[in-house]
Amino acid sequence: MSESHGENKTIGKKVLSGALIIIAVSVLAKIMSYVTEAVNAYYMGTGSTADAFSMVTSIQNMIYPMLSIGISKVFLPAYKRHMTLGEDEQANRLANRMITMLLIITGCVAALLMIFSRQVVSVVASGFDEETASLCADLVTISAPMYLFIIVASTYSSMLHCHNRFFGSQIREVVSHIPPVVCAILLYKRLGAEMGVRAMAVSLIIGAMCRLLIELPFVNWNYRYKPDVSFRDDEFRHVLRKLPAAMVTAGITQINTLVDSMMASGLGKGAVSSLKYATRLTHVLSGLISAAVSTALYPQMVELITLNKRRELSKIVTKIINIFCILIIPVSIAGFLFRVPLISVAFERGKFDSASTEATAGIFCYYCIGLLFGAISSLLNNIFYGHGDTRTPMFISIGTVSLNVGLNFLLSSLMGIGGLALATSIATITAATVKLILARKYIDIPWRSEAFTVGKIIAASIVSIAPAYYISRLIANKYLHLITAAAIGIALYLVMVKLLRIETLKDVVRLATGKLKKLRRKCKNNG
């Protein structure tokens, strides 16, 4: 019993350590992501040029996860198992074969994008007029080589995660935003909209190169990439058999976003870019914690699965779900209520006017509904992939995108562009619910106690945010409005958490404080 507790505590510390590093770097990445969108909004606004560039990034946001996230879900478990069993040489050979294969696949994808860019745009943005579609096709052609750098960087990232080198794997997300920001500030106005947006497409390639180069110094263990085309190895072929399902799952998940963009392209100028800005802000609010914890947890989950420790795995997953609830539920409610000032503070400057704010806020509020379920869904995917089950997430994803498409047609006709966001949230909630039910095959979750905890968190959130909402409305300045609301809401939330005896936040604070104290002691000793 004590040995199991000790192992569980050690894994918990690894997850916490990784999560804290990822959160710290992700804060910078989210800031850079916001700066990128704010700069784009300032120079491009929500016109046809912004729509064309936004569609290029939407295509990237579909292909990138299909090639990288889908790959890592299959490659990382196999690589981590070799590490867990002390088989470093086999892990290195597997990595070389995987990178070689990915370069071949990605090279073909990039070539197809360059050759058939107009056909791709005609499918994904059928609502664009001829001029916008032609510009978008040019941008797709220009930016296509970036995927070669992105895919290698993503594979190295999975390896760094397995070696608990989270800083090296995450810093890439910071530097990748620098070239587009610099390009927009220095070149967009100087070159004019037509050439400036093409320069922005080139900056995406440079950002992808930086994404890879920044990782290389951290890959400093006994490994060096050597091309390896021995694809007939039994283990590699086993990984490849699981690859299509993982890629389909990753791609279909992103197709939800692309489908929204496709539908939005027929709802008037500015609809696509408004949708993108709302999506990015949603990711800033929810993705910081959920992505950090899920990323740090995944290698440790694979280790527990390899060692057949179901009980320890179940405890950790339950704890993480509680953390998601206590952090994301109040953020979701606050985002829904404060949608207009949030969007205004985030983007309203330059060509992004009050009309753009209203349009984007109307989308953002519906995305807030699905924040928690998106985080839980991502976490549960790791459970399936860690057990080598790639088919279950694939079938759920296919059902999810089918539901999303059907709801898009229904709700967009009733609610306009806001219906697209609501459809996505409903589909996300459905997917998470199905995964929770099916995950019982691999983990045991105490459903009654979880439901009781979630009920208390919802009550604490409403009681805390409602007064903050009404009091802050008395303040005209939008910046002071949000600062006042945040101060009141957080203070009341902490009080309510204590009164309702919600232990999860206390556990997080205790663990984080312990980690920070340890770091301070280490710095003091080194100093």
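The values are calculated or read from the model by the stated rules, or taken from the named source; none is laboratory data. If you're wondering where the values come from, they're calculated on a predicted model, not measured in any experiment. Virtual Cβ from ideal backbone geometry, glycine too; neighbours counted across all protein chains shown.
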Residue within region 113-127 that is aliphatic (A, V, I, L, M) and under 18 Å from the mean Cα position of the chain (by Cα) present: no
Residue that is under 29 Å from Gly362 (Cβ atoms), among the β-branched types (Val, Ile, Thr) and at pLDDT 85 or above, where the choices are Thr428, Thr392: Thr428
A careful count of residues in region 166-183 that are part of a helix (DSSP H, G or I) and within 14 Å of Thr57 (Cα to Cα) gives 1
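Just one of Ala485, Ala439, Ala468, Ala431 is within 30 Å of Ala264 (Cβ to Cβ), more than 21 Å from the chain's Cα centre (by Cα) and buried (at least 19 other Cβ atoms within 10 Å of the Cβ); which is it?
From the options Ala485, Ala439, Ala468, Ala431, the qualifying one is Ala485.
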Restricting to region 250-288, give me the number of residues that are among the hydrophobic types (A, V, I, L, M, F, W, C) and either at pLDDT below 65 or in contact with a Cys (Cβ under 7 Å, 6 or more places away or on another chain) (or both). 1
Check on Tyr385, more than 27 Å from Leu474 (Cβ to Cβ), at pLDDT below 85 and hydroxyl-bearing (Ser, Thr, Tyr): yes
If you check every pair at least six apart or on different chains, which have Cβ atoms under 9 Å apart with a residue in region 184-198 that is part of a helix (DSSP H, G or I) first and a residue that is among the basic types (Lys, Arg) second? Leu191/Arg198; Gly196/Lys189; Gly196/Arg190
Against the definition (small (Gly, Ala, Ser), modelled with pLDDT of 85 or more, over 30 Å from Val340 (Cα atoms) and assigned to a helix (DSSP H, G or I)), how does Ala451 come out, yes or no? yes
Check off (1) over 16 Å from Ile329 (Cα atoms); (2) free of Cβ contacts under 8 Å to residues at least 12 places away in the same chain; (3) of a type outside the set (Val, Ile, Thr); (4) part of a helix (DSSP H, G or I) for Leu474 and give me the number that stays unchecked. (4)
Among the residues listed as Ala125, Ala110, Ala144, Ala137, the single one being in contact with a helix residue (DSSP H, G or I) (Cβ under 6 Å, 6 or more places away or on another chain), under 25 Å from Ser203 (Cβ atoms), surrounded by 18 or more Cβ atoms within 10 Å (Cβ to Cβ) and without any contact (Cβ under 8 Å) to a residue 24 or more places away in the chain: Ala137
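Table: residues versus (1) closer than 23 Å to His163 by Cα; (2) in contact with a Pro (Cβ under 6 Å, 6 or more places away or on another chain); (3) in a helix (DSSP H, G or I); (4) among the charged types (D, E, K, R).
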{"position": "Lys73", "(1), (2), (3), (4)": "yes, no, yes, yes"}
{"position": "Gly86", "(1), (2), (3), (4)": "yes, no, no, no"}
{"position": "Leu94", "(1), (2), (3), (4)": "yes, no, yes, no"}
{"position": "Leu102", "(1), (2), (3), (4)": "yes, no, yes, no"}
{"position": "Thr106", "(1), (2), (3), (4)": "no, no, yes, no"}
{"position": "Val121", "(1), (2), (3), (4)": "no, no, yes, no"}
{"position": "Phe128", "(1), (2), (3), (4)": "no, no, no, no"}
In region 331-362, what residues are closer than 26 Å to Leu492 by Cα, among the small types (Gly, Ala, Ser) and modelled with pLDDT of 80 or more? Ser332, Ala334, Gly335, Ser344, Ala361
Please work out which residue is nearest to Ser472 (Cα to Cα), limiting yourself to region 336-382 and to residues that are outside any helix (DSSP H, G or I) and of a type in the set (Lys, Arg). Arg349
Among the residues of region 198-206, is there at least one that is surrounded by 21 or more Cβ atoms within 10 Å (Cβ to Cβ) and farther than 22 Å from Gly350 by Cα? yes
From the list Lys522, Lys506, Lys515, which residue is surrounded by 11 or more Cβ atoms within 10 Å (Cβ to Cβ) and either modelled with pLDDT of 85 or more or more than 21 Å from Cys325 (Cα to Cα) (or both)? Lys515
